[in-house]
Amino acid sequence: MTLDLLLTHYNYWVVIFLMMVGFYILISRGNLIKKIVGLNVFQTSVFMLYISLGKITEGTPPILVDGYGDADVVYSNPLPHVLILTAIVVGIATTSVGLALAVRIKEAYGTLEEDEITGIEAGIEPAGEAGG
Amino acid sequence: MAEHYPALQVVVPLLAAPLCLFVRNGRAAWGLAVLASWSALGISLVLLSRVMSSGVISYALGGWAPPIGIEYRVDIVNAWVLVIVSTIGALVAPYALTSVEREIGARRIPLFYAAYLLCLSGLLGITITGDVFNVFVFLEISSLSAYALIALGQDRRALTSAFRYLVAGSVGATFIVIGIGLLYSMTGSLNMADLAQLLPGVWESRTVKVAYGFLAVGFCLKLALFPLHLWLPNAYTYAPSPVTAFMASTATKVAVYMLLRFFLTVFGAAFSFDVMALDRVLLPLALVAIVSMSLVAIFQVNVKRLLAYSSVAQIGYMVLGLSFATVTGLTATLLHLFNHALMKGALFMAMGCVMYRIGSVRIEAMAGLGRRMPATMAAFVAGGLSLVGVPLTVGFVSKWYLILGALERGWWPVAVLVLIASLMALVYVWRVVEVAYFREFTGDERTREAPWTLLWPTWALVVLNLYFGIDAGRTAGIARQAAEVLMTGIGQ
């Protein structure tokens, strides 16, 4: 039963694996570019979750052609794919804003390592203000 | 024309944003921003009055009937939040002109107004839409433009705080998408009203409960509920003054609205409180937020950061009202959405005036400023009194309903904690007042009152603070009506 669950739902295991990998990179890496990559992997796992939700076993592509146009034909749900197109665009926008910020941070601080940036910020922050 | 107001509410600022890029002139872009934000305010007021007189407005975007098409659904709850967001939007836009010319390079000013209008339309979109996926799209429009706005701050720490906000905000938004996807997989619908009908049939499924969990974490990140607030203090401290005033009064409010809309309208109050025990999860977090963040605020030396921590504490009040799981508690939440927007808007705008004249918002730099900039500091004092909850200010009205809600449930220790936290607010407001009024002025002799272009929006918010503090009947009536709508759900 357990093995069966693993095999028949392997797409969800892939999604969970990617999600955890992305989230781990995001949390553990100090380099801002690597953080963005981690965020990207994390978001991509959600794209795959949506896309595999739309797939129906034995389902045809949702296109009306001769012989496939009947109401009783089982077809895959196209809506999650459309939704995820939007989410992919959002993901690209997030990545580009993140990378643009990383460029500006590199210009301003001369580094992309989070602990070095924190050190520089602690240096210029007078005592008492570093409450956050 | 009039029947298209729900669409125009979002479309007007959304279309004005790219126009700001084309005009390439700071003043012209500002004119567009003011025009767009005031028309948004006009539209939201019309929508509110129409909802109050004739009930829910359902608008099928592009003529596609819901639940297949995207529906804009305006009831009293989101009409109320639309008015909050667009009021602040309409006052920050004129305020920005002078402030932005000082704090942002001339080349970037049209970009600033474009991002500002995008952020405004994103927030209005989240509020007005009746489609859960549409919420995510607008959420990202508002968030991405907010990251850009924060990064425009003068201090280089603005960049790192924008980056941290981007990481936290994107994780939150992704959690929300996961939740929405799981809901769709169980119901096959994205329409809020439709989901509210379909979900009770699948309440028992683990997928729905997991979706609820993902959504809860996503919303709490977005509304900066303790302990997920870490992105907020730096972002508010280093953003340009008008951005801080705008974000502090709108972004977290809209996130609270999302939480209420999803958990009370889409899932239903019965599911949230009886099955998922939302109230018991939120109550301790809200109380810790109120007490610990008020305490942290007391020890800040940068007034913008002090107010940012106070914002986290005030968000705690809003969540506390929800965790009472009663109509009175929810009335307090909805009232505080409006009231906190008024008081924090006024306080951050006053700090923007100080920043404009003396170039710093650190407490010791403000010594004796009460005599040099009397109108600015008087606005700060009025906003501060409202924050504390002194009678005749809006802060008192929200605290009153909050304590009423606590006593109604018989939770008198909670009421006592709210009072203690109010005293803590008095301490941190007093620290600023003491320095500004009871110390000798030591700064530049030429320091004068802030220009009237900055003062009138600030004072407009102060006057609203006092007006709705004295005549609380109307706002409390709307909030109570909205709370009843949320508690009974959409089906009845």
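Every read-out reported here was derived from the displayed coordinates using simple, explicitly stated rules and does not represent laboratory data. None of these values were measured; they are calculated from a predicted model. A quick note on method: Cβ atoms are made from the backbone with ideal geometry, for glycine too, and the neighbour counts reach across all protein chains shown.
Overview of values
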item: All lysines inside 21 Å of residue A:106 as judged from Cα atoms, apart from same-chain residues fewer than 8 positions distant; result: A:34, A:35
item: Residues with amide H under 5 Å from that of residue A:76, placed H, sequence gap 5 or more; result: A:56, A:60
item: DSSP bridge pairs, the protein assembly as shown: antiparallel proportion in percent, nearest 5; result: 90 percent
item: B:484, A:58 arranged by Cβ crowding within 10 Å, fewest neighbours leading; result: A:58, B:484
item: Contact order normalised by residue count of segment B:113-157, Cα under 8 Å, 6+ apart, percent; result: 45 percent
item: Span-like helix ranges in chain A, DSSP H, alpha carbon extent 20 angstrom or more, Kyte mean at least -1.0; result: A:10-28, A:32-54, A:79-109
item: Listed residues B:161, B:117, B:144: farthest to the positive end of the dipole of segment B:94-204 (Cβ charges); result: B:161
item: Nearest 10 degrees, 0 to 90: helix B:109-128 Cα axis against chain B principal axis; result: 30 degrees
item: All lysines inside 30 Å of residue B:344 as judged from Cα atoms, apart from same-chain residues fewer than 8 positions distant; result: B:222, B:253, B:304, B:399
item: Approximate spin-label separation residue B:280-residue B:295, in nm, with each point projected 7 Å along Cα-to-Cβ; result: 2.6 nm
item: Chain B, helix-only ellipticity at 222 nm - DSSP H runs n ≥ 4, -39,500 (n - 2.57), divided by all residues, nearest 500; result: -25500 deg cm²/dmol
item: Among A:97, A:73, A:46: highest mean-square fluctuation, GNM of chain A, C-alpha pairs under 10 Å; result: A:73
item: 0 to 90° range, to nearest 10: angle between helix B:278-298 axis and chain B longest Cα axis; result: 0 degrees
item: Under 5 Å, built H, 5+ apart or other chain: amide partners of residue B:472; result: none
item: 10 Å Cβ neighbours from other chains, averaged over peptide B:175-183; result: 4
item: Average other protein chain Cβ within 10 Å of Cβ, residues B:150-158; result: 3
item: Per-residue average of Cβ from other chains inside 10 Å of A:113-123; result: 2
item: Chain B: angle of helix B:132-151 to the longest principal axis, Cα-based, in degrees nearest 10; result: 20 degrees
